[in-house]
Amino acid sequence: MSSALSLESPAVLKHIDIYQTLINRMAANSAACKQWAITLVSAILVFALEKGSAEAAAVAVIPVFMFYFLDTYYLSLERKFRGAYSSFLDKLHGSTLNINELYRVTVDRKLPTNFLSALLSWSVWPFYLGMMGLALLGVIW
């Protein structure tokens, strides 16, 4: 590792900041999915209950699935960026970091596998299962 790639190097610190920004953005997108899901499903259920329509309440299932998959996508991307961040830091601390690796965000291409793993994550499925239960309760009510 050259002296330009020390732990205190501005380029290295900026690269680390890039990863942290990406990870934070994916986490914020995931939180926004949950917020929008609550808002949209609640609005649909309130409308359905006012009209007394089980068919209108059944429409609430659609945004639950849409936000579930979108949230899972953001979670899988966040995990990818965390892995790339850890790999970068391992190379940095192991003195194997090449200057050509700076300012390049690299992740492996296994998103479908990560997506399936994220579908079963405790940070996603319990929330959307509860939302689905609420939507189905609106249909039965």
The range 55-74 - residue that is buried (at least 20 other Cβ atoms within 10 Å of the Cβ), in contact with a Cys (Cβ under 7 Å, 6 or more places away or on another chain) and not acidic (Asp, Glu) and, of those, farthest from THR113 (Cα to Cα) = PHE67
Exception for ASP90 within (1) of a type in the set (D, E, K, R); (2) within 24 Å of the chain's Cα centre (by Cα); (3) more than 23 Å from PRO10 (Cβ to Cβ); (4) exposed (fewer than 14 other Cβ atoms within 10 Å of the Cβ) falls at (3)
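Rundown of residues vs (1) at pLDDT 85 or above; (2) touching a Leu at 6+ places or on another chain (Cβ under 7 Å); (3) within 17 Å of GLN20 (Cα to Cα), yes/no style:
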site: ALA57; (1), (2), (3): yes, yes, no
site: ALA60; (1), (2), (3): yes, yes, no
site: VAL64; (1), (2), (3): yes, no, no
site: SER76; (1), (2), (3): yes, yes, yes
site: SER86; (1), (2), (3): yes, no, yes
site: SER121; (1), (2), (3): yes, yes, no
site: PRO126; (1), (2), (3): yes, no, no
Consider GLY52 against the criteria (1) farther than 24 Å from LEU22 by Cα; (2) surrounded by fewer than 19 Cβ atoms within 10 Å (Cβ to Cβ); (3) in contact with a helix residue (DSSP H, G or I) (Cβ under 9 Å, 6 or more places away or on another chain): it satisfies all of them except one. Which criterion is unmet?
-> (3)
Of the residues in the range 1-21 that are assigned to a helix (DSSP H, G or I), among the aliphatic types (A, V, I, L, M) and in contact with a Leu (Cβ under 8 Å, 6 or more places away or on another chain), the one that is modelled with the highest pLDDT is ILE16
Where a residue in the range 45-63 is free of Cβ contacts under 8 Å to residues at least 24 places away in the same chain and its partner, wherever it lies, is surrounded by fewer than 17 Cβ atoms within 10 Å (Cβ to Cβ) and in a helix (DSSP H, G or I), with Cβ under 8 Å and at least six apart | ALA56/PHE47
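The values are calculated or read from the model by the stated rules, or taken from the named source; none is laboratory data. What you see is a predicted model, and the numbers here were worked out from it, not measured in a lab. FYI the Cβ positions are ideal-geometry reconstructions off the backbone, even for glycines, and counts take in every protein chain you see.
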